[in-house]
Structure formats: structure tokens, C-alpha cells
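Undergrad: I'd like to ask some things about the structure below.
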Amino acid sequence: IQPKEYYSSDFTPIETINPSKDKKGIVSFTLFGDEKSDRFWSYLVEPLLTNSRQISRILPGWGLRVYISSSLSSEVYDVLVDADYELVVMNENPKYPFIGLLWRFLVANENLPFLVCDADMLLDDNSWLLTNLNQVSDWLESDKTFFRRKNFPGNMLWPICAGGWGGR
């Protein structure tokens, strides 16, 4: 199998804006696509902003990161930086319009605990059960390398969801 051309250049960050410092862990999201669509702000940006207001209660000391498309406007960048997100700017490849879904997994290459989420996912949603925090804290206190979100309907069909797992 020949490696695809997108395996390297599409996963190389351009820059990091508002880098997280001295964090216990990172919650990773991806944001790309058409910001002029009706759903972009309400279904993607608003949940990210809600998470930023709740992260210190839900996961004290953790940072929020968005792997963000370089094609999005400065308005999107400014809103997320004001909400204290670390932004890792990535090139969106028109040949592979959904490659951005994979950017959020780049956090696994770091030496910090991490959770990978969908942009529309609320951290205090009962499907994560992070309001209880036992799931994540029990995992962090264990010797287990990976974490997966439990009690999510999709887990009945497959063992792990792309936007519902973590590692260290």
C-alpha cells in the first residue's frame, strides 16, 4: 500500500495560538468547514464556548484545544481565544474535505493525559458522565492507558467512538 500524500502535510500544524501552559491534561476538538452555514455557530462553536465556561469545574487544571482550519475567519479564532482555547492551526485540504476530523487525534502524540471529543459534544452531558467525574478520575488513578466514554448509545454498536476516548 502506497502512503497517501495527505499523511504528512495535512497533519503538520502551521502554528499554535494561545498555547496551554502547565496543564494536567488536554481536551481535544477539531473545527473546520463552512462557517457561513446555519449550523456552524450554533452546533459547533456554541458547545465549545459552553465547555470553556465549565472546564475548570469539570476537569480542574485541564486545557482545551481546538485543531482549527486555517480557512476559518479571524472572528472564529478571536471567539475561541477569548474563551481560553489553545488553537492549533491546520491546513484544510480541498481534496480530502473531512481530513480535519482526524486532527484532534494529534494530541495523542504528547506526554499528557487527553480526551478526544466532537466539537458539538458538551463535557457535562450525561453521556460523558463527567459531571460525576468518577469515570475520568478513576481512569487517571488506574494503570490503564486508555479511557473510553461509557453509557453512550453508540458503544452498543462499536467498542469506542472517535469522539469519546482518551489516553496517556
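Undergrad: Only residues that are in a helix (DSSP H, G or I) and in contact (Cβ under 8 Å) with a residue 40 or more places away in the chain: list them for the stretch 32-44, please. Explain how you work it out, then say what you get.
TA: Initially, the stretch 32-44 is screened for residues in a helix (DSSP H, G or I), giving 38-44.
If the condition is that a residue be in a helix (DSSP H, G or I) and in contact (Cβ under 8 Å) with a residue 40 or more places away in the chain, then 43, 44 are the ones that fit.
Undergrad: Open to solvent by less than 20 Å² (accessible area, probe 1.4 Å) and part of a helix (DSSP H, G or I): which single residue out of 80, 64 fits that description? Explain how you work it out, then say what you get.
TA: Details: 64 fails: part of a helix (DSSP H, G or I).
The conditions single out 80.
Yes/no per residue for (1) of a type outside the set (Lys, Arg); (2) at pLDDT 90 or above; (3) open to solvent by less than 10 Å² (accessible area, probe 1.4 Å):
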site	(1), (2), (3)
95	no, no, no
103	yes, yes, yes
107	yes, yes, yes
125	yes, no, no
129	yes, no, no
137	yes, no, no
144	no, yes, no
155	yes, no, no
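Undergrad: Which one is modelled with the lowest pLDDT among residues in the stretch 4-27 that are closer than 15 Å to residue 96 by Cα and small (Gly, Ala, Ser)?
TA: So the residue we want is 8.
Undergrad: Picking from 69, 28, which residue would you name as being free of Cβ contacts under 8 Å to residues at least 40 places away in the same chain, in contact with a helix residue (DSSP H, G or I) (Cβ under 7 Å, 6 or more places away or on another chain) and open to solvent by less than 30 Å² (accessible area, probe 1.4 Å)?
TA: Values: 28 fails: free of Cβ contacts under 8 Å to residues at least 40 places away in the same chain.
Matching residue, one of 69, 28: 69.
The values are calculated or read from the model by the stated rules, or taken from the named source; none is laboratory data. Note that the structure is predicted; figures quoted are calculated from it, not measured. Quick reminder, even Gly has a Cβ in these numbers, built from the backbone with ideal geometry, and neighbours come from all protein chains shown. The protein model used for the area step is the full one, side chains on, heavy atoms only, and it has no ligands, DNA or RNA in it. Shrake-Rupley method; radii C 1.70, N 1.55, O 1.52, S 1.80 Å.
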